[in-house]
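Following: one structure in structure tokens, then a few remarks.
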Amino acid sequence: MTGLSIGICGGGVGGLCAGIALQRLGHSVSIFEQTARFGRVGADINLTPNAVHALDGLGVGEAARATAARPTHRISRMWDSGEETSRLPLSSAAEERYGAPQLTLHRADLLSILTEALGADTLAFGHRIAGVEPVADGATITFADGSSRTFDVVIGADGIHSVVRHALFGDDHPTFTGIVSHRGVFPRAAAGDLANLDAFTKWWGPTSDYQIVTFPLSHGQEIFVFSTTPRSDWTEEGWTIPGDLAALREAYKDFHPEARALLNALDEVTSSALHVREPLPTWSKGCITILGDAAHPMVPFMAQGACMAIEDAIVLARALDGAAKVDVPAALVAYEEARKARTAEIQRSSLANEWMKKQGNADWVYGYHAWTVDLQRTAA
Ligand SMILES: Cc1cc2nc3c(=O)[nH]c(=O)nc-3n(C[C@H](O)[C@H](O)[C@H](O)COP(=O)(O)OP(=O)(O)OC[C@H]3O[C@@H](n4cnc5c(N)ncnc54)[C@H](O)[C@@H]3O)c2cc1C
């Protein structure tokens, strides 16, 4: 192997995509994931055309299509009247316009597709990272068991509570938004004759902290439901915390009957407090950088968290294409310069929670191509 040695902290969507892309460019990649194995934790991953296009370039788009559902439209409806305020055709229309469809799938299915695309022995489970520090010839990762490894480049893909971000930029705790999200899945048959189950539909509430989002999973055999409630007394995060379905239904009792029917079809939900961070002015120091939720966690109201992590991974790999050790700091600056404005805008716009409420243009989000976007790397 003649490329760089690269250590990736965190084997989530962003870390795995970065690993595949960097490996294909000839770098030697090791990914360290704290969990013992991937379970079927979490429900959905929503991949808009910008992310599916990026996955196509990684060679995993077909495998994702094989297990995913393809929402037919993106529809906005008003919480009380049920009025449709926007409708965007997806599926083949998105394929024509953006080069890829929108796909919705189980997070666990995406992780397993990405893991299979990695070279053997790339992903090490059960490795919890405790710290990262720059050293003369690269950067050293220290693990919770006290052992350490040094690489030419270290990438923090370790999510919203990133240890790598903390090591680079110190304490800046995520802020609780005062909103709790609730996720659940029901078998399609449980919805009776409800219309539009094959679309991505967002029911806009009376205020931006009430909404229901629904879309198909598993070729449409299951329907995913996301909703939110304002709550100031509960800040717990996690993907397996049982929620209070009766309280959720009560909070939505004044919604349109078709919206309430979605909550009524659920048997259970998991709940998680939503946190955000301000956009960072810089993401890299020397040979260390961050991507995905470690760099720019966002509320899921535009469904772009995983999509941004995937785009980051591709642009970062392109920045390191053909780089020698001496080029790494400049390559990492080029990567973050190419990505910061877009991800900050999507963080802000997600929090404002107005995007596509009315008929609008989705091109700036869906039409981004990570494989060709401008990237300016200055010579070392
Ligand atoms: C368990 C789980 C379930 C999720 N479920 C959903 C869902 O249902 N719907 C949805 O839209 N989004 C879900 N997400 C979030 C979504 O996957 C991410 O927001 C998005 O994909 C961004 O990806 P990322 O790779 O930047 O971060 P993440 O997907 O958060 O991945 C970060 C990875 O780093 C690992 N990690 C963290 N700290 C350390 C450490 N110190 N040492 C080693 N490894 C570490 C984590 O275990 C995780 O695998 C989930 C995330 C997780 C971790």
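Here is a yes/no grid of residues against (1) over 24 Å from the mean Cα position of the chain (by Cα); (2) under 21 Å from residue 352 (Cα atoms); (3) assigned to a loop (DSSP other than H, G, I, E, B):
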position	(1), (2), (3)
216	no, no, no
223	no, no, no
233	yes, no, yes
239	no, no, yes
261	yes, no, no
283	no, no, yes
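Condition check: at pLDDT below 95, part of a loop (DSSP other than H, G, I, E, B) and more than 30 Å from residue 269 (Cβ to Cβ). Does residue 146 satisfy that?
Details: at pLDDT below 95: no; part of a loop (DSSP other than H, G, I, E, B): yes; more than 30 Å from residue 269 (Cβ to Cβ): yes.
Spelling it out, it is not the case that residue 146 is at pLDDT below 95, part of a loop (DSSP other than H, G, I, E, B) and more than 30 Å from residue 269 (Cβ to Cβ).
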Inset, instruction - Go through (1) over 22 Å from residue 119 (Cα atoms); (2) touching a helix residue (DSSP H, G or I) at 6+ places or on another chain (Cβ under 6 Å); (3) open to solvent by less than 10 Å² (accessible area, probe 1.4 Å) and name the single condition residue 75 misses. - result: (2)
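Looking only at the range 312-326, filter to residues that are open to solvent by 30 Å² or more (accessible area, probe 1.4 Å), part of a helix (DSSP H, G or I) and not β-branched (Val, Ile, Thr); which one of those is nearest to the ligand (Cβ to nearest atom)? Even if it seems obvious, please write down each step before you answer.
The first filter runs over the range 312-326 and keeps only residues open to solvent by 30 Å² or more (accessible area, probe 1.4 Å), leaving 318, 321-322, 324-326.
After this cut, where a residue has to be part of a helix (DSSP H, G or I) as well, the list is 318, 325-326.
Now drop any that are not not β-branched (Val, Ile, Thr), which leaves 318, 325.
On the way: 318: 18, 325: 25 Å.
Out of the qualifying residues, it is 318.
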Inset, instruction - Restricting attention to the range 12-35, report how many residues are touching a helix residue (DSSP H, G or I) at 6+ places or on another chain (Cβ under 8 Å), assigned to a loop (DSSP other than H, G, I, E, B) and near the ligand (Cβ under 8 Å from one of its atoms). - result: 2
Inset, instruction - Return the only residue of 278, 236, 222 being more than 30 Å from residue 132 (Cβ to Cβ) and surrounded by fewer than 23 Cβ atoms within 10 Å (Cβ to Cβ). - result: 222
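Would you mind stating whether residue 184 is in contact (Cβ under 8 Å) with a residue 60 or more places away in the chain and among the small types (Gly, Ala, Ser)?
Working: in contact (Cβ under 8 Å) with a residue 60 or more places away in the chain: yes; among the small types (Gly, Ala, Ser): yes.
Spelling it out, residue 184 is indeed in contact (Cβ under 8 Å) with a residue 60 or more places away in the chain and among the small types (Gly, Ala, Ser).
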Inset, instruction - Residue by residue through the range 95-112, note down the ones that are farther than 22 Å from residue 211 by Cβ, under 20 Å from the mean Cα position of the chain (by Cα) and part of a helix (DSSP H, G or I). - result: 98, 108, 109, 110, 111, 112
Legend entry - Given (1) within 18 Å of residue 304 (Cβ to Cβ); (2) charged (D, E, K, R); (3) assigned to a helix (DSSP H, G or I), number of the condition residue 74 does not satisfy: (3)
Legend entry - Sole residue being within 15 Å of residue 8 (Cβ to Cβ) and either among the aliphatic types (A, V, I, L, M) or surrounded by fewer than 22 Cβ atoms within 10 Å (Cβ to Cβ) (or both), chosen from 334, 309: 309
Inset, instruction - Filter the range 133-173 for residues that are over 25 Å from residue 278 (Cβ atoms), near the ligand (Cβ under 10 Å from one of its atoms) and open to solvent by 50 Å² or more (accessible area, probe 1.4 Å) and give the result. - result: 144
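Please state which one of 310, 290 is under 30 Å from residue 19 (Cβ atoms), of a type in the set (A, V, I, L, M, F, W, C) and in contact with a Phe, Trp or Tyr (Cβ under 7 Å, 6 or more places away or on another chain). Full working, then the answer.
Values: 310 fails: in contact with a Phe, Trp or Tyr (Cβ under 7 Å, 6 or more places away or on another chain).
Residue meeting the stated conditions: 290.
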Inset, instruction - Scan the range 151-180 for residues that are assigned to a strand (DSSP E or B), in contact with a helix residue (DSSP H, G or I) (Cβ under 7 Å, 6 or more places away or on another chain) and not hydrophobic (A, V, I, L, M, F, W, C) and report the count. - result: 1
Legend entry - Qualifying positions in the range 36-67 - touching a residue at least 60 places away in the same chain (Cβ under 8 Å), away from the ligand (no atom under 11 Å from the Cβ) and touching a Leu at 6+ places or on another chain (Cβ under 6 Å): 67
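The values are calculated or read from the model by the stated rules, or taken from the named source; none is laboratory data. Just so we're clear, the structure is a prediction, and the values are computed from it rather than from any experiment. Quick reminder, even Gly has a Cβ in these numbers, built from the backbone with ideal geometry, and neighbours come from all protein chains shown. Just the protein is used for accessible areas: all its heavy atoms, side chains included, with ligands, DNA and RNA removed. Shrake-Rupley method; radii C 1.70, N 1.55, O 1.52, S 1.80 Å.
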